[in-house]
Structure formats: C-alpha cells, structure tokens
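S.K.: Let me begin by handing over the structure; questions about it come next.
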Amino acid sequence: MMTNLIDVPSEEGEVCDYDLNNLALYAALMDAADAGLSWQESARQILRLDEYDIISFDLYERHLQRARWIVGKGLQSALIAFSKKT
C-alpha cells in the first residue's frame, strides 16, 4: 500500500501532492486507529515499517496527525486540491 513514504509529511496549511498521493494510506491509518489497532500493528501492516525501529512511532504519528488534519482543519484545502486534480 505504501509508496515513497517520507520521514515527515508536510506540516503546511495546504494539501500537497504527497498528501494527494497518500490518501489511501491516511484513510487506512485513521481506520486502524479508530478500530483500536496498536501503532505497532499499523506501522507493520500499513506503513510496512519495523515497529522496533526507533523512528517508526514518529513516522506513524506524523502521518496519522496529517491524515486527521486533512479531514479536519485541512478539509477546505483538500477540496481545493482535489478540484485542481480533475
């Protein structure tokens, strides 16, 4: 599922191409978190990371936070970005 995962997703106030390219990843992370899946399971199953690697939690947390920003405060930016893609 994951392609070209970067260490730090954007923290800008606009949706970027990385976000658009990883919407399925973001949705899977939010679904897993809402279902109570541990961060370790999400890191391994969704992000394809070694949950014992020291940076895995940080990568997981940053991507989950970005996903939640997009469906929350970033929703207007996401809608604008989607309209430009079509």
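The values are calculated or read from the model by the stated rules, or taken from the named source; none is laboratory data. Everything numeric here is computed off the predicted structure, so don't read it as measured data. Cβ atoms come from the backbone with ideal geometry, glycine included; neighbour counts cover every protein chain shown. These area figures cover heavy atoms from the full protein model, side chains too; ligands, DNA and RNA do not enter into them. Shrake-Rupley method; radii C 1.70, N 1.55, O 1.52, S 1.80 Å.
S.K.: On the basis of being at pLDDT 90 or above and hydroxyl-bearing (Ser, Thr, Tyr), does Ser38 make the cut?
M.R.: yes
S.K.: Can you list residue pairs whose Cβ atoms sit under 9 Å apart, with the first residue in segment 69-86 being open to solvent by 80 Å² or more (accessible area, probe 1.4 Å) and the second being in a helix (DSSP H, G or I) and of a type in the set (Ser, Thr, Tyr)? Count only pairs 6 or more apart in sequence or on different chains.
M.R.: Val71/Tyr26
S.K.: Follow-up question, since we're still on this one. Within segment 69-81, does at least one residue satisfy the condition of being part of a helix (DSSP H, G or I) and under 10 Å from the mean Cα position of the chain (by Cα)?
M.R.: yes
S.K.: Quick check on segment 32-44. Is at least one of its residues out of contact with any helix residue (DSSP H, G or I) (no Cβ under 7 Å at 6 or more places or on another chain), on the phi > 0 side of the Ramachandran plot and free of Cβ contacts under 8 Å to residues at least 12 places away in the same chain?
M.R.: The answer is yes; a qualifying residue exists.
S.K.: Among the residues of segment 37-68, count how many are of a type in the set (A, V, I, L, M, F, W, C), outside any helix (DSSP H, G or I) and open to solvent by 10 Å² or more (accessible area, probe 1.4 Å).
M.R.: 5
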